[in-house]
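The values are calculated or read from the model by the stated rules, or taken from the named source; none is laboratory data. Every value quoted in this text rests on a predicted model; they were computed, and no experiment measured them. Backbone-built Cβ (ideal geometry, glycine too); neighbour counts: all protein chains shown.
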Amino acid sequence: MGRVSRPAQADPPSGPPTDDAWRTLTLQIDMVRHAETKAVAALASSGVLGGLLYTLVSQAKLVGAGFVVIATAAAVAIVTAGTAAGVALRPRLYRRHTPPNLLFYASIVHRFGHDADAFGSDFTALLADRPRMVKAVAAQILGNANVAARKYRAVDVAILALLAALALLGSTALAAIAGW
């Protein structure tokens with residue numbers, strides 16, 4: 001077995017270290033937005049499927065136990081999807097045990113309220129201290145990554161529930177036609 005040679009070390013980035021940190025933070029913010037866009041689509045889809053189920057149930061003439069069971073399961077799946085999408089969209093405004101960060105809106109408001117002068121002074125000092133600034137941006141990247149992960153977990157539940165609801169809605173229509 002031969003040795004694998006390591007690639008040559010790349011030169012460090014030429015710009016200030018905060019440029020890469022800010023780009024990474026922007027990527028994390030985009031991931032949060034992407035998850036929220038999916039959550040909005042899931043919430044809207046839940047409403048559409050709920051309306052279709054309501055129409056199907058209200059217009060069914062002869063229904064049997066099978067129809068009731070399948071329609072109930074479809075309703076549960078639709079409500080689950082809508083709830084999970086809502087969880088993904090819900091802002092979490094309570095504070096965890098995290099150190100104050102001059103880049104996080106809730107931390108800024110909690111610490112400074114409406115005192116623009118005090119915030120401006122502390123923020124200017126942060127901007128002048130590159131290592132401290134990179135640490136602040138890194139903390140915000142980590143915070144946003146956790147938010148995106150939480151939102152994607154909820155969106156995953158919503159989408160899976162929507163797929164189940166779609167199948168159950170079709171089964172409900174078949175049960176209505178068959179008179180189960």
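Below, the figures for the structure above:
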{"read-out": "Qualifying residue in the stretch 106-129 (condition: touching a residue at least 24 places away in the same chain (Cβ under 8 Å) and among the basic types (K, R))", "value": "no"}
{"read-out": "The stretch 16-30, subset assigned to a helix (DSSP H, G or I) and more than 22 Å from Y152 (Cα to Cα), residue modelled with the lowest pLDDT", "value": "P17"}
{"read-out": "Set A138, A165: member being small (G, A, S), on the phi < 0 side of the Ramachandran plot and surrounded by fewer than 17 Cβ atoms within 10 Å (Cβ to Cβ)", "value": "A138"}
{"read-out": "Candidates G47, G66 - the one that is modelled with pLDDT under 95 and assigned to a helix (DSSP H, G or I)", "value": "G66"}
{"read-out": "Which listed residue, of A149, A128, is surrounded by fewer than 18 Cβ atoms within 10 Å (Cβ to Cβ), out of contact with any Phe, Trp or Tyr (no Cβ under 7 Å at 6 or more places or on another chain) and within 29 Å of G82 (Cβ to Cβ)", "value": "A149"}
